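These notes are about the structure you will find just below.
The values are calculated or read from the model by the stated rules, or taken from the named source; none is laboratory data. Keep in mind the model is a prediction, meaning the values are calculated, not measured. Heads up, the Cβs are rebuilt from the backbone with ideal geometry, glycines too, and the neighbour counts pull from every protein chain shown.
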Amino acid sequence: MTKTSRLSWIDYARGIAIILVSYRHVFEGSKEAGIPVQQYDLLEYANIFFYSFRMPLFFIISGIFITRSLQKRGIGKYVETRARAILYPYFVWGTIQLTLQIIFTRYTNGHPTIDSYLHLFYLPREIAQFWYLYALFNVSVLYALAKFYLKLKPWHNIIIGLIFFYASAYVYQEHINTAFFFDILHNYIFFAIGDLLSTIMLDKKNRSYFESGKNLLLMLIPFLIAQTYFLFQNINHSTAKYMYVEYYQPAVFLLIALVGCSFIIHLTFYMQKKNVMNWLTVLGQHSLYIYVAHVIVFSFVRITLQKGLGIDNVAIILISGILSAQLVPLMLYRLSEKWNMRWIFTLEEKPAKKAEAAGDNLLAPERANQ
């Protein structure tokens, strides 16, 4: 394995996570559009079973690189880089999605108005999947400021993150509108965990532990137990669309999410060792560009099939939706490179080598080989 690809487990993790994210959005979008996905319990179960650890994994892996990035760039350059790589596509693609929903409101699930553009600034949860980019930018910048100016250690931030996390559960239960601050409160802890674990995760001496097939099998048992508990607890409580464990059992959710993240990290280290399913790393390298465009792409595919061709077959809708949601944004990004239009997706400087796979992206704010 080459030096530049020794952290390809990160791209494996991003690839797995972006597929799971796409599955949920395709499934929920199909349900809202009247596609009879609810007739198949296994599809709903999969939607819930793989839900708990996807977004925490994004924050944890991003947090792994915060110390290295600040040491290399300093606080000013770090914030600028995050704005170029995350905040910029948030506003660009959030605006594009809102505009398309307004124009084609007759066919889409969402029905925003002109006033909805203001939600980009203070109510990102109203802009579908885009809340995550706003949350990642805000969390990473707030964390960097605390680390750089207040000299807070990772364990200090863990304590702060726990307080924030429980506060987010409280405001959710009490229906207190905290706008975009809610996502900062809810996800700060995972970013802090990533920073705390960075010395372990990035130490080459520990690679053999994470790459061990035996340890992967051992992690499979608590993973299945934790996610099964998450599944049936949420199914048995209709509170807030399967969010019961996350917001009404916050300590349990935190444990379940961390078990899920740990299993995926072991799995991706093992995949890196075996050098298998490399197409996942391609998705991982382009995960940001897939994330910002995949809902638009799936909506177009679903509308074409359902409204244009009269097709509402669950298998056709889901398979075509998930595949197109991955491949079309990837092709669009490749075309933007070819036509010198990367600015559509990012203002980040293009890496000197394509082998530098883990740049300022959905998960990793620092190139993995640096």
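Which one of these is crowded, with 16+ Cβ neighbours inside 10 Å, of a type in the set (S, T, N, Q) and under 30 Å from residue 126 (Cβ atoms): 187, 177?
187
I'd like the full set of residues that are more than 16 Å from residue 267 (Cβ to Cβ) and touching a Ser or Thr at 6+ places or on another chain (Cβ under 8 Å), limited to segment 184-228.
185, 186, 191, 194, 195, 198
Determine the pairs where a residue that is in contact (Cβ under 8 Å) with a residue 60 or more places away in the chain, located within segment 106-125, has a partner that is in a helix (DSSP H, G or I) and crowded, with 18+ Cβ neighbours inside 10 Å with Cβ atoms under 7 Å apart, the partner being 6 or more residues away or on another chain.
108/101; 108/299; 109/29
When residues of segment 116-162 are filtered for being within 20 Å of the chain's Cα centre (by Cα) and over 30 Å from residue 98 (Cβ atoms), how many remain?
1
So if I check each of 324, 336, which one is surrounded by fewer than 17 Cβ atoms within 10 Å (Cβ to Cβ), polar (S, T, N, Q) and either touching a Ser or Thr at 6+ places or on another chain (Cβ under 7 Å) or at pLDDT 95 or above (or both)?
On inspection, the qualifying residue turns out to be 336.
Determine if segment 309-316 includes at least one residue that is within 20 Å of the chain's Cα centre (by Cα) and touching a residue at least 24 places away in the same chain (Cβ under 8 Å).
no
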